[in-house]
Amino acid sequence: MAEKTIVLNKERKVTLTSFICHKKETPAILILPGGAYNECSINEGRPVAEKFNSLGFNCFVLCYSVGKHYKWPYPLEDLENAMEHIKENSKDYCISKDKIILAGFSAGGHLAGAGATMAKNKPFAAILCYPALSRETIEYSAPGAPDITDNIDENTCPCFIASSRNDWIVPIENTHRFVRALDKYYIDYEEHIYGFSMHGFSIGKEVNAVPPLFCSRVGDWVEESASWINDIVTGSYISIRDSAEYQDKYAEYFSSKNSVSLILGNEEAKKLFKKRHLKYYLLIEAAKMKIGDFVERVSIRNVLTFLQVSTEAFEKIDETLKDIRINR
């Protein structure tokens with residue numbers, strides 16, 4: 001493994017350490033250790049990088065402005081500089097410059113959240129572990145730091161969150177409130193809340209986060225997040241913005257992604273759909289009779305997928321409906 005540390009800001013002692021062990025281009029994991037903006041935790045740096053290395057990722061650890069060098073927005077500036085450096089040297093690092101994933105812990109989770117919501121150089125995705133996201137929680141150790149949830153909008157990147165139900169340093173409401181905001185803006189996310197664990201479980205047993213104080217499964221988030229990243233990278237992930245709920249609310253024209261009720265409730269759309277795709281229309285009517293009216297809330301695409309209809313049908317349906325405007 002090639003390990004190298006560069007200085008991004010000498011005055012504030014900001015460093016970026018690369019952990020490159022794959023010569024084939026990979027997504028990059030940029031790790032932001034926690035430490036209450038007073039330090040950068042050792043357990044949330046190198047061990048995390050080595051774990052993600054073993055799962056096929058080239059990694060970086062950013063030691064951002066902390067302690068006497070802390071002042072917001074210095075940490076966010078450090079993150080922006082790290083992102084720019086990694087992108088500019090992506091070929092040398094063997095990483096995909098458009099697939100940089102932040103992985104932040106506690107205060108580092110706050111910084112990763114800022115990257116996901118506020119940064120100019122937004123990441124491809126963000127992994128937030130027991131993140132201190134609310135102003136009430138982070139203000140104690142980082143005066144002037146923003147409330148991350150208040151900054152979520154439609155441009156926030158996909159997020160993976162891992163937290164503990166009884167974390168007494170970062171209350172679980174930090175996660176709950178964050179996820180509610182992601183739901184509001186239809187941002188893709190995956191949420192893992194472990195039933196019990198002390199704060200700072202990092203990657204689990206490898207850093208001695210073991211029972212009885214830590215749930216034996218707290219390290220599982222690493223493999224789970226790696227699989228989640230792979231789903232997004234390969235395109236096998238079904239975005240919430242492909243859902244009937246989102247499409248019915250925001251799409252300008254009809255498509256197979258709209259709900260059964262919206263399409264069949266529009267006379268023009270229903271007439272064309274029934275005329276050109278009668279067998280699919282009859283399949284949907286049969287599904288409604290057999291399964292129930294809740295089918296009406298599901299997209300035509302999802303219903304037909306459930307009925308094992310070829311995906312080629314969706315393109316034909318989309319072609320039929322594409323010129324019919326949705327009037328709200």
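For segment 268-316, a residue qualifies if it is surrounded by 14 or more Cβ atoms within 10 Å (Cβ to Cβ), outside any helix (DSSP H, G or I) and either basic (Lys, Arg) or within 29 Å of the chain's Cα centre (by Cα) (or both), and the qualifying residues are Val298, Ser299.
Return yes or no: is Arg297 of a type outside the set (Phe, Trp, Tyr), within 12 Å of Phe254 (Cβ to Cβ) and either touching a residue at least 12 places away in the same chain (Cβ under 8 Å) or in contact with a Ser or Thr (Cβ under 9 Å, 6 or more places away or on another chain) (or both)? Steps first, please.
Details: of a type outside the set (Phe, Trp, Tyr): yes; within 12 Å of Phe254 (Cβ to Cβ): no; either touching a residue at least 12 places away in the same chain (Cβ under 8 Å) or in contact with a Ser or Thr (Cβ under 9 Å, 6 or more places away or on another chain) (or both): yes.
Against the criterion (of a type outside the set (Phe, Trp, Tyr), within 12 Å of Phe254 (Cβ to Cβ) and either touching a residue at least 12 places away in the same chain (Cβ under 8 Å) or in contact with a Ser or Thr (Cβ under 9 Å, 6 or more places away or on another chain) (or both)), Arg297 does not qualify.
If you go through segment 239-267 and pick out every residue that is more than 21 Å from Asn327 (Cβ to Cβ) and exposed (fewer than 13 other Cβ atoms within 10 Å of the Cβ), you end up with 0. Tell me whether segment 191-205 contains one or more residues that are under 21 Å from Ala107 (Cα atoms) and part of a helix (DSSP H, G or I). No, segment 191-205 contains no residue that is under 21 Å from Ala107 (Cα atoms) and part of a helix (DSSP H, G or I). Considered as a group, the residues in segment 25-36 that are touching a Gly at 6+ places or on another chain (Cβ under 9 Å) and over 17 Å from His85 (Cα atoms) include one that is surrounded by the fewest Cβ atoms within 10 Å (Cβ to Cβ), and that residue is Gly35.
Residues in segment 277-299: is at least one among the aromatic types (Phe, Trp, Tyr) and over 19 Å from Glu245 (Cβ atoms)? Among the residues of segment 277-299, at least one is among the aromatic types (Phe, Trp, Tyr) and over 19 Å from Glu245 (Cβ atoms), which makes the answer yes. For segment 174-213, filtering for residues that are loosely packed, with under 14 Cβ neighbours inside 10 Å and of a type in the set (Asp, Glu) leaves 1.
Just to be sure before I move on: is Cys63 farther than 27 Å from Tyr189 by Cα and in the same structural domain as Tyr140 (by TED's automatic domain parsing) in the structure I sent?
Working: farther than 27 Å from Tyr189 by Cα: no; in the same structural domain as Tyr140 (by TED's automatic domain parsing): yes.
So Cys63 does not fit the description; no.
Matching residues to (1) in contact (Cβ under 8 Å) with a residue 24 or more places away in the chain; (2) in the same structural domain as Ile86 (by TED's automatic domain parsing); (3) over 25 Å from Gly113 (Cβ atoms); (4) under 22 Å from the mean Cα position of the chain (by Cα):
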residue	(1), (2), (3), (4)
Val7	no, yes, yes, no
Lys10	no, yes, yes, no
Leu16	yes, yes, no, no
His22	yes, yes, yes, no
Pro27	yes, yes, no, yes
Leu30	yes, yes, no, yes
Pro33	yes, yes, no, yes
Ala36	yes, yes, no, no
Ile42	no, yes, no, no
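If you filter segment 109-159 down to residues that are touching a Lys or Arg at 6+ places or on another chain (Cβ under 9 Å) and of a type in the set (Ser, Thr, Tyr), you find that the one that is nearest to Ser65 (Cα to Cα) is Ser134.
Leu62 - would you say it is among the aliphatic types (A, V, I, L, M), surrounded by 19 or more Cβ atoms within 10 Å (Cβ to Cβ) and in contact with a Gly (Cβ under 8 Å, 6 or more places away or on another chain)?
no
Out of the residues in segment 300-328 that are of a type in the set (Asp, Glu) and touching a residue at least 60 places away in the same chain (Cβ under 8 Å), which is nearest to Ser259 (Cα to Cα)? Checked segment 300-328; the qualifying residue nearest to Ser259 (Cα to Cα) is Asp318.
The values are calculated or read from the model by the stated rules, or taken from the named source; none is laboratory data. Please read these numbers as outputs of a predicted model, since none were measured by experiment. Cβ atoms come from the backbone with ideal geometry, glycine included; neighbour counts cover every protein chain shown.
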